1. Restricting to segment 82-124, name every residue that is within 27 Å of the chain's Cα centre (by Cα) and among the basic types (Lys, Arg).
2. I need the full set of residues from segment 59-112 which are among the hydrophobic types (A, V, I, L, M, F, W, C) and not in a loop (DSSP other than H, G, I, E, B), in order please.
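Values quoted throughout were computed directly from the atomic coordinates according to the rules given, and no laboratory measurement underlies them. Because the structure is predicted, anything quoted here is derived from the model rather than measured. Please note: Cβ atoms are built from the backbone with ideal geometry, for glycine as well, and neighbour counts cover all protein chains shown.
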Amino acid sequence: MLKKNSATIFLAAAALFAPMLLATPANAGSRYNNRQVNQRRPVYSQPVYQRRVPQRQVYQRVVRLGNGAYRLPNGRVIPANRLVRLRNPGYWRLPSGDIVLPSQEIVPVRSIVRLRDGSIRLPNGILVRL
């Protein structure tokens with residue numbers, strides 16, 4: 001008798017909880033990202049891709065001290081006698097090879113291009129003579 005009741009209880013519990021466990025929520029999408037199934041797009045149309053606009057690199061700024069030295073963003077101070085003034089007004093080269101722009105931004109040496117005539121090209125296209 002006990003076996004018959006336990007089987008009935010198990011079947012009743014399964015009948016109550018099975019729909020909750022097997023149901024899919026209303027906002028669930030398909031498991032696979034299949035465009036033809038989901039969007040009904042004509043075969044001859046091509047997807048339109050937006051062109052990525054390159055982001056302008058934001059360089060770190062330096063602070064020019066009263067004695068002509070520069071304080072770098074990491075707190076290190078470069079004395080004025082270690083700086084090299086370039087021929088273009090306002091451009092300086094640090095001992096590491098980085099270039100300081102007139103706007104007090106640092107351009108890393110890895111992003112500049114050296115040309116054959118002895119000048120360098122900055123990422124924004126400006127040519128600076130050494």
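1. Arg110, Arg114, Arg121 - these are the residues of segment 82-124 that are within 27 Å of the chain's Cα centre (by Cα) and among the basic types (Lys, Arg).
2. Result: Val63, Val77, Ile78, Ala80, Val84, Trp92, Ile99, Val100, Ile106, Val107, Val109.
Yes/no per residue for (1) out of contact with any Leu (no Cβ under 9 Å at 6 or more places or on another chain); (2) surrounded by fewer than 16 Cβ atoms within 10 Å (Cβ to Cβ); (3) closer than 16 Å to Gly68 by Cα; (4) touching a residue at least 40 places away in the same chain (Cβ under 8 Å):
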residue	(1), (2), (3), (4)
Tyr91	no, no, yes, no
Arg110	yes, yes, no, no
Pro123	yes, yes, no, yes
Arg129	no, yes, no, yes
